[in-house]
Amino acid sequence: MIAADGWHDGGVVGRWDAWRRVAVVSQPVLVVASALVVVAMVQAGSPVAMIGVVVVMAVALHVALYVAARRVVLAFVIASVAMVGLAIVPMPGWSTGVLLPSAGCFLLVGWRLVTTAAPPWPVLTLVVGIAGVVLAECCAVARLTDARVDGVQLLEALTLLTIVAGVWAAARRSRARADAIEADERARVDAARRAERANIRRDLHDVIGHSLALMVAQAEAARIGARDEATRESIGQIAETGRGALAGLRAMLPMLDATSLGTSTVPSLETLPSLVDAASTPMHAVTFVEAGTRGAVAADAELALVRVAQEGITNALRHLLAPVTVAVRLTWSAGAATLEVHDDGGVGHQPSVGAGSGLIALAERVAAAGGTFDVERDAAGWRLRATVPARTSSAVTADSS
């Protein structure tokens, strides 16, 4: 999932560790350098108000660098405001206050924003940086006594623009490399999961499917040879049960297919349509409906909803005699997402199918994600319902089936 003000924020360990090391090392260096500048201003007799503004802006920049560890967009806003203050305030002996050593915190915050935040923040980082340089140099030119821009001023502006653009470009390259590494890792993990799921599918088909088919064949042969009518009827029921179990197995096997859950390392709500399609057969009508304005849910809550859909479909195919109808519905409302799996009860229940612990595990998973889970029986069949917290979003509107 996407964080409120970041992209992959908190999930990319390598990026976080590298940025944290640079931030920790640079903080004391920048603090000491800026403190020396303030001492020099005091000795030069600068106004107290001017010194106070410089100190407040420098502290704000270092606070922003600390805040960037968790709230990078907020940190960038704080750092940008502080840089505007340094650009406006006149500093004796300085063409612009943005040359204060603590201004390096702005570059570090911008680096983190570019490497972690979702669009359009990376581009806005460059735009704000360039605009800040233009503002600083305009203020510096306005304070010139001869109202004439000399070569030094132009060189300074060009240098600042080069620094801002260079840091931004380096951050973009760093993000591209990290994204490529993550993509490769996800592909390797996904390939392993696909291979494992395919092996399980083949084993189930070969071992259990073969055993059920053999059981049905032997039961049919025994029924033909039986003389007693009651015995033939009992053996016929055994054969019918075996055929039902075999049909249910064949209906569930596509759910383990290597392509049934898409390409995500962790199943997401986007896989629900393919999950439903994989479970549908001529004797098992499984449908999916999504209604409401789609929002965003936490990763554990999203996974919990997918598992509820899987368990509900699997239980219906496993416990009910075909034909069976199963309806999966995902409803978005203000602050919540609700997933329901409702079956029509089929034409009866599979005999001698033992109970498992799947529903208990589902309840624990949903509760851990901050949601609620319940199971109820109505006139038609069983209904599984899970509700998890969600953040509403106007970006995506879903009302499809």
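Details
- Available extension along the chain between Thr331 and Ala131 is 67.6 nm, counting 0.36 nm per residue and deducting the alpha carbon span.
- When you count the other C-beta atoms within 10 angstrom of each residue and take the mean per peptide, 163-172, 297-306 line up highest first as 297-306, 163-172.
- Modelled this way, with points 7 Å down the Cα-to-C-beta line, the labels at Val32 and Leu144 are 3.6 nm from one another.
- Distance between the modelled labels on Leu155 and Asp179, one decimal in nanometres: 3.8 nm (7 Å Cα→Cβ projection).
- Order by protection proxy (mean Cβ within 10 Å, highest first), peptides 129-139, 75-85: 75-85, 129-139
- FRET efficiency estimate (nearest 0.05) - Cβ-Cβ, Ala118 to Asp277, R0 25 angstrom: 0.25
- The label point for Ala367 and the one for Val56, both projected 7 Å from the Cα toward the Cβ, are 5.2 nm apart.
- Cβ-derived FRET efficiency at R0 41 Å, Ala285 paired with Ala198, nearest 0.05: 0.95
- Segment Ala299-Ala191, extension gain: residue separation times 0.36 nm, minus the distance between their alpha carbons: 36.8 nm
- Calculated FRET efficiency for the pair Ala217/Val22, C-beta based, R₀ 51 Å, to 0.05: 0.15
- Taking the average, over residues, of other Cβ atoms within 10 Å as the packing measure, peptides 311-322, 22-33, 101-112 rank 101-112, 311-322, 22-33 from highest down.
Here, each number is a calculation from the coordinates, and none is a lab measurement. Predicted, not measured: the structure shown is a model, and the values here were computed from it. Cβ atoms come from the backbone with ideal geometry, glycine included; neighbour counts cover every protein chain shown.
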